[in-house]
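The values are calculated or read from the model by the stated rules, or taken from the named source; none is laboratory data. The shown structure was predicted, so the numbers you read here are calculated from the model rather than taken from an experiment. All Cβ positions, glycine included, derive from the backbone under ideal geometry; neighbour counts span all protein chains shown.
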Amino acid sequence: MKALVLDELIWPDLNAVLPEIKAAVIPAGSCEQHGPNTTFNTDTARAYSFSKMIGERFGKQLLICPPLSYGISVHHMSFPGTITLRCETYIHMLIDIAVALGKHGIKRIIYLNGHGGNTGSLNVVINTLKYEYGIDAYYSGIGLNVFEEGITKEMGWTKRHGHASESETSQAMALCPEVVREDRKQGEIVEEFIVRGKDSPFRYGGCAWDWKTDASANGALGDARLANLEDGIRLNQIALNKVEKMIRYIIEKR
C-alpha cells in the first residue's frame, strides 16, 4: 500500500480520506552528534523513514506527519552542532501538534521515536494528552530497544553498541543511507559508563550526565566499522513487525 504522507498531500487530498484515518504518526528525532560515523540528522531521518515504511503497511489508516527534528539532547551538548530543546518546550510542541490534529478529528496519536533522550518527555506528553485533552496517545522506539533480540554472538558485534554504533549505523544503512559516512570509526568508550550495563552505578536511578566524559570521547559507542546493510535490513524488519503489531492493537482494540 502507499503510505499517506502529509508532506506529499494538498488539503483536498487529505480531506477526502480523513474519515478513513485511524491514527496519526509523528516521527520524533533529534539534532545531535553521532560520532564520526553518521550525521546530526540520523535520529530524525531514521524515525521518518521508518514511519513511512510503517505507513505502507496501513495505507490510508495512518497519517504520517512531518518529523520533529529537534529533541532532548542536553547530554550531547559537549559536541559542537548539537541542538537541544528544554523539556518544557519539547513537551509543549508535541502536545500542540497532537491537539491540532485532534481539531481535525484525528484523536489517536502515535509518536515513533528515534532518540532515547526523548522518552522521559514522551511519557509526560502521552499522559497529558489522555487525561487533560481526551486524546489517546502512544509512543514506541524504533531502534536497538525494539530489535535487540535479533543481535547474536555470531555477528561479532561489541557489547556496548547503541548510539552511532554498528547496530544504529546498520539500521541507518537500511533506512537512510545518506546519513552514513564511509570512513567510520570505533567508539572511544569511557570504561566506567555510568548509566549503561548491569554494573553501572545509576542503572536503577538517574543523574545528569555528559556524553563526552561519561560515555564516549568521540561520541560513538561500539564499532560502526562492523555495520552492514544486510543486518540493517533484517533488524529493521524485526522492529517494523513489532511496531506494526502495536499499531494494529491500537487501531483495532483501543
For this session: Answer with yes or no whether residue 213 is of a type outside the set (Phe, Trp, Tyr), closer than 17 Å to residue 40 by Cα, assigned to a helix (DSSP H, G or I) and in contact (Cβ under 8 Å) with a residue 60 or more places away in the chain.
Result: no
Exercise. Which numbered condition trips up residue 140, out of (1) in a helix (DSSP H, G or I); (2) closer than 17 Å to residue 65 by Cβ; (3) among the small types (Gly, Ala, Ser); (4) under 17 Å from the mean Cα position of the chain (by Cα)?
Worked result: (1)
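Please count how many residues of segment 6-32 are more than 15 Å from the chain's Cα centre (by Cα) and in a loop (DSSP other than H, G, I, E, B).
Pass one, segment 6-32, residues more than 15 Å from the chain's Cα centre (by Cα): 6-24.
Pick out the ones that are also in a loop (DSSP other than H, G, I, E, B) and you get 9-10, 21-22.
Residues in segment 6-32 being more than 15 Å from the chain's Cα centre (by Cα) and in a loop (DSSP other than H, G, I, E, B): 4 in total.
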Seminar exercise, completed: Inside segment 175-202, the number of residues satisfying the requirement of being of a type outside the set (Ser, Thr, Tyr) and free of Cβ contacts under 8 Å to residues at least 60 places away in the same chain is 17
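Report whether or not residue 124 is part of a helix (DSSP H, G or I), out of contact with any Phe, Trp or Tyr (no Cβ under 6 Å at 6 or more places or on another chain), under 19 Å from residue 237 (Cα atoms) and of a type in the set (Val, Ile, Thr). Break it down stepwise before answering.
Numbers: part of a helix (DSSP H, G or I): yes; out of contact with any Phe, Trp or Tyr (no Cβ under 6 Å at 6 or more places or on another chain): yes; under 19 Å from residue 237 (Cα atoms): no; of a type in the set (Val, Ile, Thr): yes.
Taking the combined requirement at face value, the residue does not satisfy it.
Per-residue answers, yes or no, for (1) β-branched (Val, Ile, Thr); (2) modelled with pLDDT of 95 or more; (3) over 24 Å from residue 242 (Cβ atoms):
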residue	(1), (2), (3)
90	no, yes, yes
96	no, yes, yes
100	no, yes, yes
105	no, yes, yes
109	yes, yes, no
118	no, yes, no
122	no, yes, no
127	no, yes, no
135	yes, yes, no
Exercise. Given 191, 252, 178, 182, which one is part of a helix (DSSP H, G or I) and over 20 Å from the mean Cα position of the chain (by Cα)?
Worked result: 252
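Within segment 65-76, can you find the residues that are surrounded by fewer than 16 Cβ atoms within 10 Å (Cβ to Cβ) and under 18 Å from residue 120 (Cβ atoms)? Don't jump to the end; show me each part of the working.
Residues of segment 65-76 surrounded by fewer than 16 Cβ atoms within 10 Å (Cβ to Cβ): 66.
Answer for segment 65-76, where residues must be surrounded by fewer than 16 Cβ atoms within 10 Å (Cβ to Cβ) and under 18 Å from residue 120 (Cβ atoms): there is none.
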For this session: Pull up segment 194-206, narrow it to residues that are under 22 Å from the mean Cα position of the chain (by Cα) and over 12 Å from residue 160 (Cβ atoms), then point me to the one that is surrounded by the most Cβ atoms within 10 Å (Cβ to Cβ).
Result: 203
Exercise. From the list 239, 172, 164, which residue is part of a loop (DSSP other than H, G, I, E, B), in contact with a strand residue (DSSP E or B) (Cβ under 9 Å, 6 or more places away or on another chain), within 24 Å of residue 38 (Cβ to Cβ) and touching a residue at least 12 places away in the same chain (Cβ under 8 Å)?
Worked result: 164
Seminar exercise, completed: For segment 101-120, the count of residues that are touching a Cys at 6+ places or on another chain (Cβ under 9 Å), buried (at least 18 other Cβ atoms within 10 Å of the Cβ) and more than 19 Å from residue 48 (Cα to Cα) equals 0
For this session: Please work out if residue 98 is touching a strand residue (DSSP E or B) at 6+ places or on another chain (Cβ under 7 Å), part of a strand (DSSP E or B) and of a type in the set (Gly, Ala, Ser).
Result: no
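Only one residue in 182, 178, 166 is surrounded by 14 or more Cβ atoms within 10 Å (Cβ to Cβ), modelled with pLDDT of 95 or more, farther than 25 Å from residue 246 by Cβ and not hydrophobic (A, V, I, L, M, F, W, C), so which one is that? Step through it out loud before you land on a result.
On the way: 182 fails: surrounded by 14 or more Cβ atoms within 10 Å (Cβ to Cβ); 178 fails: surrounded by 14 or more Cβ atoms within 10 Å (Cβ to Cβ).
166 is the lone residue from the list that is surrounded by 14 or more Cβ atoms within 10 Å (Cβ to Cβ), modelled with pLDDT of 95 or more, farther than 25 Å from residue 246 by Cβ and not hydrophobic (A, V, I, L, M, F, W, C).
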